[in-house]
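The values are calculated or read from the model by the stated rules, or taken from the named source; none is laboratory data. None of the values given here were measured: they were computed from a predicted structure. Please note: Cβ atoms are built from the backbone with ideal geometry, for glycine as well, and neighbour counts cover all protein chains shown. Keep in mind that these areas ignore ligands, DNA and RNA; they rest on the heavy atoms of the full protein, side chains included. Shrake-Rupley method; radii C 1.70, N 1.55, O 1.52, S 1.80 Å.
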Number of protein chains: 2
Amino acid sequence: MAPAYKLKYFPSKALGEPIRFLMSYGNIEFEDVRLIREDWPQIKPTMPFGQAPVLEFKGITAYQSIAICRYLAKQVKLTGANDLEDWEIDAIVDTVNDLRGRIDEYYYEEDAEAKEKRKKPLFEETLPFYMERIEAIVKKNNGHLAVGKLTWADLHFVGVLDYLNYMIGKNLIADYPSLQAMEKNVLNLPGIKEWVAKRPVTIN
Amino acid sequence: MAPAYKLKYFPSKALGEPIRFLMSYGNIEFEDVRLIREDWPQIKPTMPFGQAPVLEFKGITAYQSIAICRYLAKQVKLTGANDLEDWEIDAIVDTVNDLRGRIDEYYYEEDAEAKEKRKKPLFEETLPFYMERIEAIVKKNNGHLAVGKLTWADLHFVGVLDYLNYMIGKNLIADYPSLQAMEKNVLNLPGIKEWVAKRPVTIN
């Protein structure tokens, strides 16, 4: 029988990988469909709001990667213990996603001059500003991004990290030991360790 | 006694208004602190990740407006009936927030030439693309953005709408009757109607 969950995304880790991490961690079997770039113009109009990843299950086509992650986190028990803990998780996940947006603005800028102009403020101001604060949060939270224990915020961050590193051309967490320890911890989790060992090798 | 909730934001509706709507709807008394622009350079470093709005309550300083909205929605019973309904709400809220991001990119572009270049694709492609799909969703959902009933997704959209309209210089929902009916419905809700009548008049 085909798995009950089908992820459709590009042949990348990027925004698909946090979803793959959560399903791997929770032993949720899934079909890992990798869309071919040449087919995307035909597929795009069939996607809700023209975007991927989507997760097909229970007859629905779930879209918005973070909303999908939050749903899966509830199924695999990686949420907070109460509403306030869930706020804390949501806030840091959206903050990491904001940081991704700032990196996107630079990476996807097509005008060479405008891109060069964005470079210095991104690397000298934005990245250190965010990363120092995120590192301090992890240090304070027993090696985690929120509520002092493993949650889907940790899996989301580590899942998307290779993509961020690819876009900035260096290791985002090179100067941040608590985040490095967190990455190692997540990559060693049962389910995720096996997934990382068997996943297709991709550049981002 | 001072209210248990203190919202700190600029003298704008913008990202603060969905939070104000949710508290008004739920009869949560709050202190509506409006930060003066001239003071912001001093205040910014004291804010988590340098941003507003924040909501102070129970000894914490909650940040990230959508995460705050989701927390409040749970308190005032405007969430879904199960995890799948909550995914549906989360997905459309993040989609509206993506649309806001696209409008931001245009509105906050400081380079006049680059701004002009962004104008046509935004107004002729992005806005109609999103709005046609969002309108269809509301039509299908009994006049709501998700799960066929009033949820915090509706309050979030209507709360942020004036800000979006301000940035694009026209009424985003002018051509979309289901969204207009939804706006009217939200603005007539008990609590919100009274809030809108008494709130400070601001340009955005």
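Inside segment B:92-133, can you point out the residues that are aliphatic (A, V, I, L, M) and either in contact with an Asp or Glu (Cβ under 7 Å, 6 or more places away or on another chain) or over 26 Å from residue A:117 (Cα atoms) (or both)?
Our first condition is that a residue be aliphatic (A, V, I, L, M); within segment B:92-133, this holds for B:92-93, B:96, B:99, B:103, B:112, B:114, B:122, B:127, B:131.
Once the filter is applied, which keeps residues that are aliphatic (A, V, I, L, M) and either in contact with an Asp or Glu (Cβ under 7 Å, 6 or more places away or on another chain) or over 26 Å from residue A:117 (Cα atoms) (or both), segment B:92-133 yields B:92, B:93, B:96, B:127, B:131.
Kindly check whether there is at least one residue in segment A:97-114 that is open to solvent by 70 Å² or more (accessible area, probe 1.4 Å), part of a helix (DSSP H, G or I) and either aliphatic (A, V, I, L, M) or not assigned by the TED database to the domain that holds residue A:148 (or both).
yes
Which of (1) of a type in the set (Gly, Ala, Ser); (2) in contact with a helix residue (DSSP H, G or I) (Cβ under 9 Å, 6 or more places away or on another chain); (3) open to solvent by 60 Å² or more (accessible area, probe 1.4 Å) is the odd one out, the single condition residue A:4 does not satisfy?
Only one criterion in (1) of a type in the set (Gly, Ala, Ser); (2) in contact with a helix residue (DSSP H, G or I) (Cβ under 9 Å, 6 or more places away or on another chain); (3) open to solvent by 60 Å² or more (accessible area, probe 1.4 Å) is unmet by residue A:4, namely (2).
Please verify whether residue A:54 is touching a strand residue (DSSP E or B) at 6+ places or on another chain (Cβ under 7 Å), open to solvent by 20 Å² or more (accessible area, probe 1.4 Å) and modelled with pLDDT of 95 or more, treating the condition exactly as stated. Let's see the steps before the verdict.
Numbers: touching a strand residue (DSSP E or B) at 6+ places or on another chain (Cβ under 7 Å): yes; open to solvent by 20 Å² or more (accessible area, probe 1.4 Å): no; modelled with pLDDT of 95 or more: yes.
No: the conditions fail for residue A:54.
Is it the case that some residue within segment A:141-158 is over 23 Å from residue A:9 (Cβ atoms), free of Cβ contacts under 8 Å to residues at least 60 places away in the same chain and open to solvent by 60 Å² or more (accessible area, probe 1.4 Å)?
yes
Answer yes or no as to whether residue A:86 is surrounded by 19 or more Cβ atoms within 10 Å (Cβ to Cβ), modelled with pLDDT of 95 or more, charged (D, E, K, R) and in a helix (DSSP H, G or I). Don't jump to the end; show me each part of the working.
Numbers: surrounded by 19 or more Cβ atoms within 10 Å (Cβ to Cβ): yes; modelled with pLDDT of 95 or more: yes; charged (D, E, K, R): yes; in a helix (DSSP H, G or I): yes.
Here the answer is yes, as residue A:86 does meet what is asked.
Looking at B:174, B:197, which is the one that is free of Cβ contacts under 8 Å to residues at least 24 places away in the same chain and either outside the structural domain of residue B:141 (by the TED database) or under 17 Å from residue B:21 (Cα atoms) (or both)? So that I can check it myself, show each step before the final result.
Working: B:174 fails: either outside the structural domain of residue B:141 (by the TED database) or under 17 Å from residue B:21 (Cα atoms) (or both).
Just a single option satisfies the conditions, and that option is B:197.
With respect to residue B:91, determine if the residue is over 30 Å from residue A:79 (Cβ atoms) and within 11 Å of chain A (Cβ to nearest Cβ).
No.
Within segment A:100-114, take every residue that is under 16 Å from the mean Cα position of the chain (by Cα) and either facing chain B (nearest Cβ under 9 Å) or without any contact (Cβ under 8 Å) to a residue 40 or more places away in the chain (or both) and give me the one that is farthest from residue A:27 (Cα to Cα).
Looking only at segment A:100-114, we keep the residues that are under 16 Å from the mean Cα position of the chain (by Cα), and these are A:100-104.
Within this subset, residues satisfying the condition of being either facing chain B (nearest Cβ under 9 Å) or without any contact (Cβ under 8 Å) to a residue 40 or more places away in the chain (or both) are A:101-102.
Numbers: A:101: 30, A:102: 33 Å.
The qualifying residue farthest from residue A:27 (Cα to Cα) is A:102.
Filter segment A:40-59 for residues that are in a loop (DSSP other than H, G, I, E, B), touching a Phe, Trp or Tyr at 6+ places or on another chain (Cβ under 6 Å) and without any contact (Cβ under 8 Å) to a residue 40 or more places away in the chain and give the result. Give the steps one after another, and end with the answer.
At the first step, the residues of segment A:40-59 found to be in a loop (DSSP other than H, G, I, E, B) are A:47, A:51-53, A:58-59.
Adding the requirement that they be touching a Phe, Trp or Tyr at 6+ places or on another chain (Cβ under 6 Å) leaves A:52-53.
Answer for segment A:40-59, where residues must be in a loop (DSSP other than H, G, I, E, B), touching a Phe, Trp or Tyr at 6+ places or on another chain (Cβ under 6 Å) and without any contact (Cβ under 8 Å) to a residue 40 or more places away in the chain: there is none.
Output the number of residues of segment B:21-51 satisfying the condition of being at the interface with chain A (Cβ under 9 Å from one of its Cβ atoms) and open to solvent by 70 Å² or more (accessible area, probe 1.4 Å).
Residues meeting the conditions: 1.
Mind listing whichever residues of segment B:52-67 are among the aliphatic types (A, V, I, L, M) and more than 7 Å from chain A (Cβ to nearest Cβ)? Working first, answer last.
Initially, segment B:52-67 is screened for residues among the aliphatic types (A, V, I, L, M), giving B:52, B:54-55, B:60, B:62, B:66-67.
Listed by number, the residues that qualify are B:52, B:54, B:55, B:60.
In segment A:12-39, which residues are part of a loop (DSSP other than H, G, I, E, B) and of a type outside the set (S, T, N, Q)?
Of segment A:12-39, the ones part of a loop (DSSP other than H, G, I, E, B) are A:12-13, A:26-29, A:35-36.
Matches in segment A:12-39: A:13, A:26, A:28, A:29, A:35, A:36.
Return the pairs, sorted by first residue and then second, in which the second residue is in a loop (DSSP other than H, G, I, E, B), the first residue lies in segment A:60-78 and is open to solvent by 10 Å² or more (accessible area, probe 1.4 Å), the beta carbons are less than 6 Å apart, and the residues are 6+ apart or on different chains.
Filtered contacts from segment A:60-78: A:65/A:53; A:76/A:26.
Filtering segment A:115-126 down to residues that are away from chain B (no Cβ under 12 Å) and closer than 25 Å to residue A:18 by Cα, which residue is least open to solvent (accessible area, probe 1.4 Å)?
Ranking the candidates gives A:122 first.
Please specify each residue of segment B:7-18 satisfying the condition of being in contact with a Ser or Thr (Cβ under 8 Å, 6 or more places away or on another chain) and open to solvent by less than 40 Å² (accessible area, probe 1.4 Å). Spell out the reasoning first.
Of all residues in segment B:7-18, those in contact with a Ser or Thr (Cβ under 8 Å, 6 or more places away or on another chain) come to B:11-13, B:15-16, B:18.
If the condition is that a residue be in contact with a Ser or Thr (Cβ under 8 Å, 6 or more places away or on another chain) and open to solvent by less than 40 Å² (accessible area, probe 1.4 Å), then B:12, B:13, B:15, B:16, B:18 are the ones that fit.
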